[in-house]
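First the structure, in the form of structure tokens, and then the observations on it.
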Amino acid sequence: MTETLANALEVQVPVRSRDERTRSFDVDRFPQVTGREEEWRFTPVKKLAHLLTAPAAPEAHLALEETLPAGVTRSEVTLEAAQELGILAPEDRAAAIAAANAGGVLRYDIAADAELSEPVVIKANGTGETVFGHVLVTVGANAHATVVIEHEGRADYSELVSVVVGDGASLKLVSLQLWDEGSLHLGQHDALVGKDAQYRHIAISLGGDLVRLNSNVRYAGPGGEAEMLGLYFADEKQHLEHRTFVDHNAPRATSNVLYKGALQGQDAHSVWVGDVLIRPEAIGIDTYELNRNLVLTEGARADSVPNLEIETGDIEGAGHASSTGRFDEEHLFYLMSRGISETVARRLVVRGFFNEVIQKIQIPEIEEILSARIEEELARSMM
């Protein structure tokens, strides 16, 4: 068999397990994205061609406004130095390109034993350029912190966010996608959760023409806890895609995934794909993933794909659920029968739908932003 034929046959072999996917900072390890791949089949990749092939100009960056409480330091480190800190390697071509072309790694370090009384806030504003970025958040042992990354303005942005949570530490990471119309955003958020550590990742996508976020968790020791929450509201011709992956590679760890989305308008499209891999060594773990979608108008589409891959039966529990449905007319009728107008009743139903996620954020400023933006979205559907 010739080498060319062997390579061709190798390319055609499907990936049967999540563990078989390539993990590397080397862009050449990943083939060109065509849109026919399983992990890209829902994504309009033609719109992302320049983010999947071309490097950004070194001077292109998002404008940053930062609030750094005591106990937090900011520095720029090399990719090699970041790797020495234990960051996970990218699982797709987009993230590898982002890391290669970011021009370095922007590191935010929370000192060991720090108890932050206010969140770290990073406001990243686009100015219309194509930008690649790599952000690293490191949390020292037994520290407790909240980090908020807020994306606004107009940009074509591809990022890798690497997170390392030390033993016994607790981190809440909130990623807000509030982009202007015309923006594109590719993101991969990778977290390594230490022994007995707690990690909560919250992805909120409301703006931009196309947003595609991969949020991944792996454990560095037993007893880690991970919670992944998501909220999205897709409008006409807007594509909002979220993918989660929990790699249960350590014993007695837990994970919980909850994503909720609403859609309205012609060609509004949301995608959620949730993967959980339970390895043979993941004894005594407990995991659950749930996605719910509320379709408000005709012409909108929600794709929801939960996956469980279990390699040991010695676990506490594993499950998943997914649902996509239209407005609950019974809820609407109940409210209207008590003198509430249809417009107000519809808003109350949607607010109640999202409330399960919003109440878990526990950051008043973020809750205010969400309430205002959801009201704006609802006002469009009621017009």
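The values are calculated or read from the model by the stated rules, or taken from the named source; none is laboratory data. Everything quoted here is computed from the prediction, not taken from an experiment. All Cβ positions, glycine included, derive from the backbone under ideal geometry; neighbour counts span all protein chains shown.
Under the condition of being more than 23 Å from the chain's Cα centre (by Cα) and either small (Gly, Ala, Ser) or modelled with pLDDT of 95 or more (or both), the residues counted in region 297-309 number 1. Taken as a whole, the condition of being part of a loop (DSSP other than H, G, I, E, B) and of a type in the set (Lys, Arg) applies to residue 195. Just so you know, in region 61-86 the residues that are of a type outside the set (S, T, N, Q) and in a loop (DSSP other than H, G, I, E, B) include one that is nearest to residue 113 (Cα to Cα), and it is 71. Considering region 10-63, and only residues there that are basic (Lys, Arg), within 21 Å of the chain's Cα centre (by Cα) and closer than 30 Å to residue 279 by Cα, the residue that is modelled with the lowest pLDDT turns out to be 18. Checked against the criterion of being of a type outside the set (Ser, Thr, Tyr), assigned to a strand (DSSP E or B) and surrounded by fewer than 23 Cβ atoms within 10 Å (Cβ to Cβ), region 155-169 contains not a single residue that satisfies it. Annotation: of all residues in region 300-315 being free of Cβ contacts under 8 Å to residues at least 60 places away in the same chain and not in a strand (DSSP E or B), the one that is surrounded by the fewest Cβ atoms within 10 Å (Cβ to Cβ) is 313. Look at residue 328 and say whether it is in contact with a helix residue (DSSP H, G or I) (Cβ under 8 Å, 6 or more places away or on another chain), at pLDDT below 95 and either charged (D, E, K, R) or surrounded by fewer than 20 Cβ atoms within 10 Å (Cβ to Cβ) (or both). Here the answer is yes, as residue 328 does meet what is asked. Look at region 17-30: where a residue is small (Gly, Ala, Ser) and a partner is surrounded by 15 or more Cβ atoms within 10 Å (Cβ to Cβ) and not in a loop (DSSP other than H, G, I, E, B), sitting 6+ places away or on another chain with Cβ atoms under 8 Å, you get 17/277; 17/309; 24/96. Any residue that is under 17 Å from the mean Cα position of the chain (by Cα) and at positive phi - is there at least one of those in region 208-217? Among the residues of region 208-217, at least one is under 17 Å from the mean Cα position of the chain (by Cα) and at positive phi, which makes the answer yes.
Given the condition at pLDDT 95 or above and in a loop (DSSP other than H, G, I, E, B), answer yes or no: does some residue in region 94-101 qualify? Within region 94-101, none of the residues are at pLDDT 95 or above and in a loop (DSSP other than H, G, I, E, B).
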